[in-house]
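Report on the following structure.
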Amino acid sequence: MEFLERYPDFAAYDQSFAQNLIEPGPSVEDIVIEEAAVNGTKKQGSKRKLVEDEPTSSKRSKISQSNSQPNSQASVPDIDMGEIEELCNNGTKLTTVDREEWKNYIGPEEAGYQKIQIVFRLPNNEREKIEIPDTTQLRALFVFLDGRGLNSREHVLVLTYPRREYFFDRHSSLNLRQLRFNRQELIHVDRK
């Protein structure tokens with residue numbers, strides 16, 4: 001089964017990751033060691049469980065035993081699994097929107113439409129320029145921000161001359177013509 005079939009979205013991958021953290025891995029007795037092929041034949045053996053009371057003749061095993069004892073307390077995982085599951089199930093995603101998905105929301109080029117050039121000034125002072133018809137809903141601009149890693153519900157679009165503020169909750173279904181966008185607009189993206 002391919003990766004995309006097993007994990008169709010981020011939530012499925014997160015859930016699988018959380019399950020792997022909860023379930024213990026194979027024990028030492030279950031591990032099968034494959035040795036190098038000698039003259040075309042493969043040897044297989046299983047790793048023996050090391051019993052602490054049993055004397056050993058190997059210098060290597062004695063050294064590994066002495067090194068592992070002081071750190072045995074440190075090797076016990078001290079992770080609260082409930083906290084990890086909560087983050088996987090309720091955490092916010094950094095970006096789940098494709099950088100080009102906003103183009104799916106561009107409005108049709110009807111008769112009498114105007115092209116609007118928009119320059120975004122992002123919170124990190126970067127600028128990005130796009131050109132879209134005025135029949136496009138404001139939702140496309142918010143999806144554009146989502147694709148850049150900015151949560152559209154936590155940011156506001158601020159236009160100057162005259163000053164206007166647009167929020168995802170209130171204005172996303174209106175098109176740019178209804179909002180009286182000029183042919184060229186500079187949009188400052190600010191946190192709420």
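Pick from segment 136-155 the residues that are assigned to a loop (DSSP other than H, G, I, E, B) and at pLDDT 95 or above: which of them is farthest from TYR13 (Cα to Cα)? Can you show your working first?
Taking segment 136-155 first, the residues assigned to a loop (DSSP other than H, G, I, E, B) are 136, 138, 148-151.
Restricting the remaining residues to those that are at pLDDT 95 or above gives 136, 138.
Numbers: THR136: 34, LEU138: 32 Å.
Among residues in segment 136-155 that are assigned to a loop (DSSP other than H, G, I, E, B) and at pLDDT 95 or above, the one farthest from TYR13 (Cα to Cα) is THR136.
Output the residues belonging to segment 102-129 that are surrounded by fewer than 17 Cβ atoms within 10 Å (Cβ to Cβ) and in a strand (DSSP E or B).
Those that are surrounded by fewer than 17 Cβ atoms within 10 Å (Cβ to Cβ) and in a strand (DSSP E or B): LYS115, GLN117, VAL119, ARG121, ARG127, GLU128, LYS129.
The values are calculated or read from the model by the stated rules, or taken from the named source; none is laboratory data. Source: prediction; values computed, not measured. So basically every Cβ, Gly included, is an ideal-geometry build from the backbone, and we count neighbours across all protein chains shown.
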